[in-house]
Structures are given as C-alpha cells and as structure tokens.
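Notes follow once the structure below has been shown.
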Amino acid sequence: MDEKSQSGPQIVVAFQNYTPPFNAKKVIGNMLRVVPPQYLWGLHSVILTNVQALSRKERDRRALSQTKLALGKSLGYYTQSWKGEPAQVTLLIDNLEKSWGRGWLRFGIIRDVPLAGLLYHEIGHHIHRVHAPKYEDREEVADKWSDKLCGKYLHRQYWYLAPAFCLIRRAPKLIQRIREERL
C-alpha cells in the first residue's frame, strides 16, 4: 500500500469566487479522522466547493434520492466509482452557508453539527455501496451512518460539553420532580 491509500481520501478545495467563513479543509480533515479507515477505502476524495465552481451539467444533474433535487441546490452528494472514475464526496459549502448563515458557521459546535451530519451522510452512502450493503432504503442507511459517526465525532471533539448535555437532557425530569415536591 502506498502512503496516500493509508491516509484516506484526499481533501480537494475547489472554490470559485468564494471563501468559506472557516478553514474547511482543516475541519473536514478532523472529521475524517473518526471514520474507521476500512470504511474510507475506495473513497478517492472529498471535494469542498461552491455552486459557481460546478459545471452547468453538474448543477442541473438530478440526485438519485427520493426528492430528485438538482445537485446544484443540494448541500452535498456522493458519486460512486464508475467507468474508471473514483468514488468521491462533494460538499457545497456555500449552500450550507445559505441554509445556516455565514456568522453561525464561524462557531465550532454550531458549524460542526450540520457539517458533520452532511459529510457523514455522504460517507454513509459510500459505506453502504462498497463496504456494508443492506437491503434497506439508501437514505435511511446513510442517515444511520451519519448519526453514528456524527455522535462519535462530537463526543471526541466536544467531550467537555458532555456534563452540560446530560443536564439539559435531564432538565425536564428534574423540573417535574421539583414541581411534585412543592405540592
């Protein structure tokens, strides 16, 4: 094995007249580290781009999902290997920015939750197609992988917030118990 195949997919930055509000290559590199290497095998690249950098043919092409959304309007998509072309994930960072707002994407956890969900969803399509095919709906399988990998990443990256999340999750029960004690 050569060094490139061991390190996972390459991250390609291909923005045209656009600069994201964060270091997209660094953030995606951190997110790829939590994916077990065997699941990244066969995935050649993760392309970080914007709609303007896509060709008209790419923008107008329809996704194979249930909604038949034009790829130029999506947040990202998976392209399986086909006719000698390698498998790749494309993330449209400007569309993510439009849906969340430029200011919000500057903050770590606020940015990482939707970005990790998007990246891991598309990687889930790759895992489903190449490594762990299941006879279930493609989108549901990709969502399951996204939830699993996103949880792993957020736990690793924001471990210090775990106590706060536990308190937030338990808050309704605590409030109910306090109300019952007052009666």
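Look at Ser7 and say whether it is modelled with pLDDT under 95 and of a type in the set (Ser, Thr, Tyr).
Considered against the rule, which asks whether it is modelled with pLDDT under 95 and of a type in the set (Ser, Thr, Tyr), Ser7 comes out as yes.
In region 15-66, how many residues are assigned to a helix (DSSP H, G or I), surrounded by fewer than 16 Cβ atoms within 10 Å (Cβ to Cβ) and of a type in the set (Gly, Ala, Ser)?
Number satisfying all stated conditions: 1.
Name the single residue that is surrounded by the most Cβ atoms within 10 Å (Cβ to Cβ) among those in region 98-115 being basic (Lys, Arg) and under 20 Å from Tyr158 (Cα atoms).
Ranking the candidates gives Arg111 first.
Out of all the residues in region 4-42, which are of a type in the set (A, V, I, L, M) and either without any contact (Cβ under 8 Å) to a residue 40 or more places away in the chain or within 16 Å of Ser146 (Cα to Cα) (or both)?
Within region 4-42, Ile11, Val12, Val13, Ala14, Ile28, Met31, Leu32, Val34, Val35, Leu40 qualify.
Could you give me the residue pairs with C-beta distances under 6 Å whose first residue belongs to region 80-105 and is within 21 Å of Leu32 (Cβ to Cβ), whose second residue is in a helix (DSSP H, G or I) and of a type in the set (Lys, Arg) wherever it lies, and which are 6+ apart or on separate chains?
Gln80/Arg129; Leu105/Arg111
Hey, any hits in region 143-160 for a residue that's of a type in the set (Lys, Arg) and touching a strand residue (DSSP E or B) at 6+ places or on another chain (Cβ under 9 Å)?
no
Being closer than 30 Å to Asn95 by Cβ, modelled with pLDDT of 80 or more and in a loop (DSSP other than H, G, I, E, B): is that true of Pro133 here? Spell out the reasoning first.
Details: closer than 30 Å to Asn95 by Cβ: yes; modelled with pLDDT of 80 or more: yes; in a loop (DSSP other than H, G, I, E, B): yes.
In short, yes.
Can you tell me which of (1) surrounded by 13 or more Cβ atoms within 10 Å (Cβ to Cβ); (2) part of a helix (DSSP H, G or I); (3) over 10 Å from the mean Cα position of the chain (by Cα) is the one Gln88 doesn't meet?
For Gln88, the failing item is (2).
When region 36-62 is examined, which residues are found to be of a type in the set (A, V, I, L, M) and touching a His at 6+ places or on another chain (Cβ under 9 Å)?
Of region 36-62, the ones of a type in the set (A, V, I, L, M) are 40, 43, 46-48, 51, 53-54.
Leu40, Leu43, listed by residue number.
The values are calculated or read from the model by the stated rules, or taken from the named source; none is laboratory data. What you see is a predicted model; the values in this text were computed from it and never measured. Glycine gets a Cβ as well: all are built from the backbone with ideal geometry, and neighbour counts include every protein chain shown.
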